[in-house]
Each structure stands twice: as C-alpha cells, then as structure tokens.
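Enquirer: Could you have a look at this structure, given as structure tokens, before my questions?
The values are calculated or read from the model by the stated rules, or taken from the named source; none is laboratory data. Remember, predicted model here, so these are calculated numbers, not experimental data. Methodologically, a virtual Cβ is constructed for each residue, glycine included, from the backbone with ideal geometry; neighbour enumeration extends over all protein chains shown.
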Amino acid sequence: MFLKMPLTNRKSSIVYWLPNENHKRYSLYLNITNRCCNNCYFCFRKFKDGIREFTLRLRRDPSFREIVGELQKVLRRKDWSEIVFCGFGEPLERMDCVLEVTRWIKKYSEKAVRVDTNGQGYLLNSGEEVAMKLKSAGVDKLSVSLNGHDKATYNQVCKPEFEYAFERVLEFIEEAKKADLETEITAVTIPEVDIPKVRELSERIGVGFRVRAYIPCFW
Ligand code: SF4
C-alpha cells in the first residue's frame, strides 16, 4: 500500500520526483552532486535553483548515509516507475557513491535504476571499468546526453573540461552496450545540433535515441 501524494519539500533536495511524459506515473530522482565536467550553455542550473517545488542547488555533496536516509523516507510512498540518478550535476563525478547507493536500492527494492550522464565516466574515473561496475552494482539503464553531432559542435555547446570528451563519450556508449546496459543517447533540440546525425550515430552504435525538447530560459 502506497501513501498518497502530494509530497512537498522546500529545502535543498537530495531526492525529488517528477511525472513521466505520459503523466501516469512518477520517477524518483537522486540529486547527489552539483559538479559537472561540462559547462553546457543551456544548462538548467545556470538559470534556475531547481525544478517545481524542489531546490536542487546543494551546499555540498551529500554522504551515502544522507542519500539513503532521504530515500528511505519516500521509497515506499509511491509506485515509482524507476529511480534515476539525475540532478544539478554529473552523477559519475561520484561513481563510488552511485555504485553504493545502487547496491542499497537493489537490496531493498525491485525498481529499475537509471543513470542520466554526460558520458564522461571514463575521463572522470581513470583506469576504472566504469560500464562493467555500473552493471555489476545493478544499474539497469543509461541515458547519455550527446549534444553535438561532431567534436566541434560538442565543444561549442558543452564546453567540456576534457580535451577528448566527444571521443570518450562515444567510447563510453560502446562500452555500456558491451556491458549489456540498456543505453540510449539523448539530444536537446538546439539549433547547433543536427538531430538526424545524432540519431544516425546512435543507430550505428546500436543503442536507443531520444530527442529532448529544449525549454528556453526566458524567466
Ligand atoms: S552535462 Fe548536464 S549538468 Fe553538465 S553542464 Fe551540461 S546540462 Fe549541465
């Protein structure tokens, strides 16, 4: 039996929830860091402190205990469609935390776990078998944002810290597929990105593709 929504939360949120595209169910999201090795010009966090009633700007990275403590409060409050690492930052900046929290989720729940990532896990965790580790911990799905159909466009849009970011994102997607993670590429509808070319890339690699609508920040 699940308790009824609505839930409200005014302080900085480590966990938050949003309706799915069909508005029939909710996904539960984990906001574990505000750090990111990209600096996309359209990044939501440049313009807002959060989404809906949730403040996603964190004063510091929460600990494993803090994340699990917040998860415990809501895990059984609704029939979440999935649990997603996605906040105001790149989750794989804290890969060990993603692994530990995923193991905890899989111990206490049968929900699917997804990581929304910029795909630079191998650059952020040098020498680690990132895709294999995610798979072994229990991650089911990866959603990799690729806002550029080539290196020049990616660099222009995402302004990555790492020189070979575009190439390594493509390698990450290949490795994720090899590790048998359900993987999709996403691209935002901004003028610089040739969406059909990104779709072609995903077809060539053999992973899913999803277009995400760009919501202009006019507030
Ligand atoms: S990859 Fe995501 S979190 Fe990082 S700057 Fe781009 S939009 Fe923001």
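Enquirer: Restricting the search to region 68-90, which residues are among the aromatic types (Phe, Trp, Tyr) and within 11 Å of the ligand (Cβ to nearest atom)? Break it down stepwise before answering.
Expert: Going residue by residue through region 68-90, those that are among the aromatic types (Phe, Trp, Tyr) are 80, 85, 88.
Selection gives Phe88 alone.
Okay, residues lined up against (1) crowded, with 18+ Cβ neighbours inside 10 Å; (2) assigned to a loop (DSSP other than H, G, I, E, B); (3) more than 16 Å from the ligand (Cβ to nearest atom); (4) not aliphatic (A, V, I, L, M):
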residue: Lys24; (1), (2), (3), (4): no, yes, yes, yes
residue: Arg35; (1), (2), (3), (4): no, yes, no, yes
residue: Cys40; (1), (2), (3), (4): yes, yes, no, yes
residue: Arg57; (1), (2), (3), (4): no, yes, no, yes
residue: Pro62; (1), (2), (3), (4): yes, yes, yes, yes
residue: Glu66; (1), (2), (3), (4): no, no, yes, yes
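Enquirer: Pull up region 179-196, narrow it to residues that are closer than 21 Å to Phe85 by Cα and away from the ligand (no atom under 16 Å from the Cβ), then point me to the one that is surrounded by the most Cβ atoms within 10 Å (Cβ to Cβ). Can you show your working first?
Expert: Quick first cut of region 179-196, residues closer than 21 Å to Phe85 by Cα only: 179-188.
If we keep only those that are away from the ligand (no atom under 16 Å from the Cβ) as well, we get 179-183.
Working: Ala179: 18, Asp180: 10, Leu181: 20, Glu182: 15, Thr183: 24.
Of everything passing the filter in region 179-196, Thr183 is surrounded by the most Cβ atoms within 10 Å (Cβ to Cβ).
Enquirer: Another question, if that's okay. Would it be correct to say that Arg103 is surrounded by fewer than 18 Cβ atoms within 10 Å (Cβ to Cβ), away from the ligand (no atom under 12 Å from the Cβ) and assigned to a loop (DSSP other than H, G, I, E, B)? Even if it seems obvious, please write down each step before you answer.
Expert: Details: surrounded by fewer than 18 Cβ atoms within 10 Å (Cβ to Cβ): yes; away from the ligand (no atom under 12 Å from the Cβ): yes; assigned to a loop (DSSP other than H, G, I, E, B): no.
No; evaluated as a whole, the condition is false for this residue.
A quick yes/no check of all residues on (1) more than 16 Å from the chain's Cα centre (by Cα); (2) small (Gly, Ala, Ser); (3) closer than 21 Å to Ile51 by Cβ:
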| site | (1), (2), (3) |
| --- | --- |
| Phe88 | no, no, yes |
| Asp96 | no, no, no |
| Val101 | no, no, yes |
| Ile105 | yes, no, no |
| Ala112 | no, yes, no |
| Thr117 | no, no, yes |
| Glu163 | yes, no, no |
| Val169 | no, no, no |
| Ile173 | no, no, no |
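Enquirer: Do we have any residue at all in region 83-95 that's modelled with pLDDT under 95 and closer than 28 Å to Pro160 by Cβ? Lay out the reasoning, then the answer.
Expert: Within region 83-95, the first condition is being modelled with pLDDT under 95, and the residues that meet it are 87-88.
Next, from what is left, pick out any that are closer than 28 Å to Pro160 by Cβ: 87-88.
The answer is yes; a qualifying residue exists.
Enquirer: Scan region 142-163 residue by residue and report those that are over 24 Å from Pro196 (Cβ atoms) and more than 16 Å from the ligand (Cβ to nearest atom).
Expert: Answer for region 142-163, where residues must be over 24 Å from Pro196 (Cβ atoms) and more than 16 Å from the ligand (Cβ to nearest atom): just Glu163.
Enquirer: Based on what the data block shows, is Phe44 in contact (Cβ under 8 Å) with a residue 60 or more places away in the chain and surrounded by fewer than 16 Cβ atoms within 10 Å (Cβ to Cβ)? Let's see the steps before the verdict.
Expert: Numbers: in contact (Cβ under 8 Å) with a residue 60 or more places away in the chain: yes; surrounded by fewer than 16 Cβ atoms within 10 Å (Cβ to Cβ): yes.
Here the answer is yes, as Phe44 does meet what is asked.
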